[in-house]
Amino acid sequence: MDIFGRCRKEARFMRKIDLSPEAYNDLEGIKERLNTEFGEATENKILKSIVKDMKRLEKYPETDIKLFERFGIITDYKCIYSNKNYIFYRIEDKYIRIIRIIDARRDFMYILFGIHMISDEGEDYWENEDRED
């Protein structure tokens, strides 16, 4: 089989992007926040870039951060970073299912799995000599 036949065969099996309802709501929230804070031009530019990054997963679904390898969480979720957001997804038979799109400043481990990665203690905790340990 020549290289073009191989490429055509791979293209037939490319998975399509599918947004979960939560991911759709996340995208709408990002759109609203960007429009409010930065205006329509910036909103359009960033959303276009996020969508482009998601579409790239159709061709290259394994270009990711594997949560199991990075954090030791047993899950089939993977993620990519796009414009200060983490895009969490799962590879399924026919789809790349976008699970959530979460602002990188938020505690995504808590949002997804109920595990706190950000301490509830303030910075002054370590400066307070009268604390009870």
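Net charge around ASP64, counting only other residues with Cβ within less than 12 Å of its Cβ (Lys, Arg = +1; Asp, Glu = -1)?
That works out to +1.
Dipole of region 8-118 (Lys/Arg Cβ +1, Asp/Glu Cβ -1, origin at the Cα centre): which of ILE91, GLY39, TYR110 lies farthest to the positive side?
Value: ILE91.
By average Cβ neighbour count within 10 Å, what is the ranking of 48-59, 94-105 from highest down?
Final packing ranking: 94-105, 48-59.
Kindly identify region 8-118 as rounded, prolate or oblate by the Cα gyration tensor criterion: order the square roots of the eigenvalues as a ≥ b ≥ c, call it rounded if a/c is under 1.5, otherwise compare a/b with b/c, prolate if a/b is larger, else oblate.
oblate
Only the coordinates and a few stated rules stand behind these numbers; no lab work does. This structure is a prediction, so every number in the text was calculated from the model and none was measured. FYI the Cβ positions are ideal-geometry reconstructions off the backbone, even for glycines, and counts take in every protein chain you see.
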